[in-house]
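**Q** I'd like to ask you about the structure that follows.
The values are calculated or read from the model by the stated rules, or taken from the named source; none is laboratory data. These numbers come from a predicted model, not from an experiment. Virtual Cβ from ideal backbone geometry, glycine too; neighbours counted across all protein chains shown. For the accessible areas, the whole protein counts, side chains as well, though only heavy atoms, and no ligand, DNA or RNA atoms are used. Shrake-Rupley method; radii C 1.70, N 1.55, O 1.52, S 1.80 Å.
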Amino acid sequence: MTAWNLRPIASALWRNRTGALLVAFQIAIGLAVLVNAVYIVKQRVEKISRPTGMDTANMIFVASAGFARDFDYDASWREDIATLRAIPGVQAASVISNIPLSGGGSSSGFQARPGETNPEKTVPGNTYLIDEQGVDALGITLSAGRAFEPQEILPPTPTFDAASQAIVTKAFAKSLFPDDPNPLGKTFFDGLSRPITIVGVIEHMHGAWVSWDKLDHVVLFPRIKTGPSAIYVVRAEPGRQDAVMREIEAKLGDSNPGRLMRWVRPMSYFIEQSYLDDRNMAIFLVSVTGVLLAVTALGIFGLATFNVSTRIRQIGTRRAVGARRMDIVRHFLVENWMVTTAGVVVGCAGALAVGYWLSVKYQLPRLDLYYLVGGVLAIWLIGLLAAWQPARRASAISPAVATRTV
Amino acid sequence: MLEMNGISKIYRTDLIETHALRNFSLKVGDGEFVAVTGPSGSGKTTFMNVAGLLESFDTGSYKLDGADVSRLSDEQRSRLRNEKIGFIFQSFNLIPDLDIYDNVDVPLRYRRLAAKDRDQRIKSALEVVGLSSRMHHMPSQLSGGQQQRAAIARALAGDPRFLLADEPTGNVDSLMARQVMDLLEQINEMGTTIIMVTHDPELARRAHRNVHIVDGQISDFRPYEPRAEIEAAAVAHGPAPMTMTPA
Ligand SMILES: Nc1ncnc2c1ncn2[C@@H]1O[C@H](COP(=O)(O)OP(=O)(O)OP(=O)(O)O)[C@@H](O)[C@H]1O
Ligand SMILES: [Mg+2]
């Protein structure tokens, strides 16, 4: 370790500590922010990229609003659905009550036993009304049971949207019947204690609200949405989404003068809207962290550059008495490493404190220590890179400056 | 010990070429004490830099300690400087952020000597220059003469074959200058070859031999009679250890 000169470098550094301490402080803040920001961003990215259970890449939603006084909702949706199903490239189309992952929808509480009064045993579910092609149009996978049959589809009701049959997600069934691995055929009850039989189990599906922890509690009923506004879900064959959307606009746009085609939108539109806050937060944190790291790197670079330019003669003297170029590079990298490490030590404490505060204040999961280790390595690397150029410059100083500089 | 033949060194800037050394040849024997004199700008420092492997040269050959050193890599030159050559600078060149002990330690660390060995060398070098009691002082806490003695300790600690001093007394008063000179003589007597640039005729006279440089070349004209010749003349025996090759 002799040639690393740790002790003399440290003691010389300590004699000129003001600038070094400022940079170390900057590094500490940089580390604390970096680690927590990356951790939060990672959680947001994970949230955004969770599997939805649906074939979101090929789904299209269509909204129609009947406005004419003599508008015949029943005839209208039947005609629209027939038209949609006849468009080439359409795999399936269904009337649907709400758009999953759109931030709008309906939910109800359900119970395993009729007349259950314990609110803790009421299991909430995102409810959707679909027709016999609904399962296909959503692109969901049934792990047990079957989709609805055409004759099971009930007409719209203005009152309550339940039915006596349902297709539910595994997660919903598990909450309802925690001890029963096979819920198919079992009966559960709505808020009015009306029995509902499970005819199909969905492997996994997301409901309406992306930040709700019961997002994967979904209950599908065989019923047509109440008019006069209709929403249709259409699933295109892979790669044909755009063509199908154009075709829908052309076919449905003026097929019925009694209603307005409000929009035709891909599923991705709604997902983007729902995750906008999460995305913006992630982008914001990444930008702020990036700027902070750039400023930190600049601080390290500035300190190293200053140290080199104020020590030209010292460097020449070291070279004259036998330091190789490599020794000079190492001298400055070691010195810089000491500064970053001082910052890193303080920064670790800061990162843990910020992480603790976030976890208490925003109920975020506690900071994962791997992130701290990663952050420390990243800061060390940034420090090395930032000091590299000044260190190289120092090593290029000629030993002759020892005799030439006064 | 040192043998230069037909060395030339040209500094090129955008405007002019300076021939700092022209066809410069010089031999210095083992254990000699040579004083280099000459007017300002004549090439003394350039000669010292070339001799000390701080700078390269354009033509000619240079043998140091019997080995050709004209075509060495930067790393090999660093190593030779570290092991064979000690430098003493006009403005001391102590590192201001290190105490005297650590300053003397600098070349020893680059030689990767073990801690115990370094400690011994540092202490005995500081003893020789009479600064043992000041080893934990910072350079700024010492007088100019003391700083120069500390710098001499740094040059000595590595046991160099060969000591190069460019106006070592240029920044100290005449009393201190004499002390520094005493010290150099003492070191020379222990066997170290010394080449010293000086403007002080009195100090130059104390060397074995004087080399006078004018305009990048060794001049025949000798302004001072060096001690060795005076002694040789007086005692009339013992050949002066010098070989001067005027260009
Ligand atoms: N780096 C350089 N670039 C260009 N010219 C240089 C450089 N160093 C020295 N010179 C020139 O080379 C010549 C010899 O300079 P040198 O320093 O060797 O003189 P010197 O004899 O040591 O003078 P002094 O007694 O004033 O120290 C001078 O003309 C000087 O201007
Ligand atoms: Mg000079």
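**Q** For the interface of A with B, what's the total buried accessible surface in square angstrom, probe 1.4 angstrom, rounded to the nearest hundred?
**A** Between A and B, the summed buried area is about 2800 Å².
**Q** Using 1/(1 + (r/R0)^6) with R0 = 60 angstrom and r between the beta carbons of A:R279 and B:S140, what's the FRET efficiency to the nearest 0.05?
**A** The value I calculate is 0.55.
**Q** OK, next. Let me have the relative contact order for region A:94-150, percent, based on Cα pairs under 8 Å that are six or more residues apart. If you can, show how the numbers build up before the last one.
**A** On the way: 63 pairs, mean separation 21.2, N = 57.
Relative contact order for region A:94-150 comes out at 37 percent.
**Q** Another question, if that's okay. What is the angle, in °, between the Cα long axis of helix B:115-128 and the longest principal axis of the Cα atoms in chain B? Nearest 10 is fine, range 0 to 90.
**A** On a 0 to 90 degree scale, this one is about 70.
**Q** Run the numbers on chain B and let me know its relative contact order in percent, using alpha-carbon pairs under 8 Å that are six or more apart.
**A** 28 percent.
**Q** Shifting gears a bit: What is the distance, in nm, between label points placed 7 Å from the Cα along the Cα-to-Cβ direction at A:T117 and at A:W380?
**A** Going from the A:T117 label point to the A:W380 one covers 6.4 nm.
**Q** Taking only Cα atoms, what is the 0 to 90° angle, nearest 10, from helix A:6-15's long axis to the longest principal axis of chain A?
**A** Taking Cα atoms only, the helix is inclined about 90 degrees.
**Q** Moving on to the next point. Using only helices, what value at 222 nm comes out for the protein assembly as shown when you add -39,500 (n - 2.57) per DSSP H run of length 4 or more and divide by the total residues, to the nearest 500 deg cm²/dmol?
**A** Numbers: 20 runs with 288 residues, N = 653.
Dividing the helical sum by the residues of the protein assembly as shown leaves -14500 deg cm²/dmol.
**Q** How much of the DSSP beta bridge set in the protein assembly as shown is antiparallel, as a percent to the nearest 5?
**A** On the way: 53 of 81 bridges.
If I count the DSSP bridges inside the protein assembly as shown, around 65 percent turn out antiparallel.
**Q** Using the alpha-carbon atoms, what tilt in degrees (0 to 90, nearest 10) does helix A:276-309 show relative to the longest principal axis of chain A?
**A** The answer is roughly 10 degrees.
**Q** So how far apart, in nm, are the two label points at A:S193 and A:S108 if each is 7 Å from Cα heading toward Cβ?
**A** 1.6 nm
**Q** Let me ask something additional. Of A:K42/A:K121; A:K214/A:K361; A:K121/A:K170, which sit over 28 Å apart, Cα to Cα?
**A** With Cα atoms farther than 28 Å apart: A:K42/A:K121.
**Q** Kindly provide log₁₀ I(q)/I(0) values, in the same order as q = 0.12 Å⁻¹, from the Debye equation applied to equal alpha-carbon scatterers of the protein assembly as shown.
**A** Debye curve over Cα of the protein assembly as shown, log10 I(q)/I(0) at q = 0.12 Å⁻¹: -1.16.
**Q** First compute the accessible area of chain B with a 1.4 Å probe, then give the percent of it belonging to carbon and sulfur atoms.
**A** 48 percent
**Q** Kindly rank A:359-365, A:221-227 from highest to lowest mean number of other beta carbons found within 10 Å of each residue.
**A** So the order, starting with the most tightly packed, is A:221-227, A:359-365.
**Q** Please list the equivalent ellipsoid semi-axes of region A:167-283, computed as the square roots of five times the alpha-carbon gyration tensor eigenvalues, in descending order and whole angstrom.
**A** Working: eigenvalues 209, 93, 41 Å².
Calculated on Cα positions only, the semi-axes equal 32, 22, 14 Å.
**Q** Okay, next question. Residue by residue through region B:2-15, what is 3J(HN,Hα) from phi via Karplus (6.51 cos²θ - 1.76 cosθ + 1.60, θ = phi - 60°)? Round to whole Hz and write x for glycine and proline.
**A** 10, 9, 10, 10, x, 6, 10, 9, 10, 8, 10, 10, 4, 8
**Q** Right, next: State the percentage of accessible surface on chain A attributable to carbon and sulfur atoms; use a 1.4 Å probe and exclude ligands, DNA and RNA.
**A** Looking at chain A in its full context, I get 61 percent from C and S.
**Q** Something else: Other chains' Cβ within 10 Å of A:322-329 residues: what's the mean?
**A** 6
**Q** Moving to a separate point now. What distance in nm separates the simple spin-label points at A:T310 and A:E149, each placed 7 Å from Cα in the Cβ direction?
**A** Output for this residue pair reads 8.8 nm.
**Q** In terms of modelled amide H atoms, which long-range or inter-chain residues lie less than 5 Å from the amide H of B:V211?
**A** B:A35, B:V36, B:T37
**Q** Give the average over all directions of the projected area of the C-alpha convex hull of chain B, one decimal, in nm².
**A** Mean projected area for chain B: 14.1 nm², to one decimal.
**Q** Please report, in whole Å³, the volume per residue of the convex hull around the C-alpha atoms of region A:5-84.
**A** Roughly 198 Å³ of hull volume per residue.
**Q** Right, next: I'd like the mean, over residues of B:73-79, of how many other protein chain beta carbons sit within 10 Å of each residue's own Cβ.
**A** 4
**Q** In square nanometres and to one decimal, what's the mean projected area of the convex hull around the Cα atoms of region A:73-224?
**A** Projected area, direction-averaged: 9.2 nm².
**Q** For region B:1-105, just the Cα atoms, rotate onto the principal axes and tell me the three extents in Å, largest first.
**A** 42, 36, 29
**Q** In addition: If packing is taken as the average count of other Cβ atoms within 10 Å, what order do A:278-289, B:126-137 fall into, highest mean first?
**A** Working: A:278-289: 14.8, B:126-137: 16.4.
The packing order, highest mean first, is B:126-137, A:278-289.
**Q** Sorting B:T13, A:T340, A:T117, A:T122 by accessible area (1.4 Å probe), largest first, what list results? Working shown, then result.
**A** Values: B:T13 90, A:T340 0, A:T117 120, A:T122 50 Å².
So, going from the largest accessible area down, we get A:T117, B:T13, A:T122, A:T340.
**Q** Show the residues, 5+ positions off or on another chain, whose built amide H is closer than 5 Å to the amide H of B:F162.
**A** Under 5 Å from the amide H of B:F162: B:G86, B:T193.
**Q** Could you go through region A:137-149 in sequence order and give the Karplus-derived ³J(HN,Hα) for each residue, using 6.51 cos²θ - 1.76 cosθ + 1.60 with θ = phi - 60°, rounded to whole Hz, and x for Gly and Pro?
**A** 5, 7, x, 8, 9, 8, 8, 7, x, 8, 7, 6, 8
**Q** Quick query: amide H of A:G66 versus all other amide H atoms, modeled in the peptide plane; which residues come in under 5 Å with a sequence gap of 5 or more or a different chain?
**A** Sorted by chain and number, the residues that satisfy this are A:S229, A:A230, A:L260.
**Q** Mind checking the mean number of beta-carbon atoms from other chains within 10 Å of the Cβ atoms in A:9-15?
**A** Going residue by residue through A:9-15 and averaging, the value is 3.
**Q** Taking each pair of different alpha-carbon atoms in region A:293-354 once, compute 1/r for the pair, average those values, and report the inverse of that mean as the Kirkwood hydrodynamic radius in Å to one decimal.
**A** So the Kirkwood estimate lands at 13.2 Å.
**Q** Keeping all protein chains in place and using 1.4 angstrom, which order do A:V354, B:V28 fall into by accessible surface area, from largest down?
**A** The ranking, largest first, comes out as A:V354, B:V28.
**Q** Turning to a different aspect of this structure: Counting only heavy atoms of the protein chains, get the accessible area per residue of the protein assembly as shown (1.4 Å probe) and round it to a whole Å² value.
**A** Values: 29400 Å² over 653 residues.
Result: 45 Å² of accessible area for each residue.
**Q** Where the only charges are on Cβ atoms (+1 Lys, Arg; -1 Asp, Glu), what is the dipole of chain A about its Cα centre, to the nearest 20 debye?
**A** Values: 40 positive and 32 negative charges, 689 e Å.
About 3300 debye.
**Q** Once the cut-off is 24 Å, how many percent of the Cα-Cα pairs in region A:220-328 end up in the long-distance tail?
**A** 64 percent
**Q** Then there is this: Let me check against my output: what whole-number percent is the relative contact order of region A:256-406, with C-alpha pairs under 8 Å and at least 6 apart?
**A** Across region A:256-406, relative contact order equals 41 percent.
**Q** Continuing with the same structure: Return the FRET efficiency for the residue pair B:R71, B:D117: r is the Cβ-Cβ distance, R0 is 30 Å, and the value is rounded to the nearest 0.05.
**A** 0.40
**Q** Another one. For region B:32-49, take each phi angle, set θ = phi - 60°, evaluate the Karplus expression 6.51 cos²θ - 1.76 cosθ + 1.60, and give the result in whole Hz per residue in order, putting x for glycine and proline.
**A** Calculated HN-Hα couplings, in order: 6, 10, 10, 9, 10, 10, x, x, 4, x, 7, x, 5, 5, 4, 4, 4, 5 Hz.
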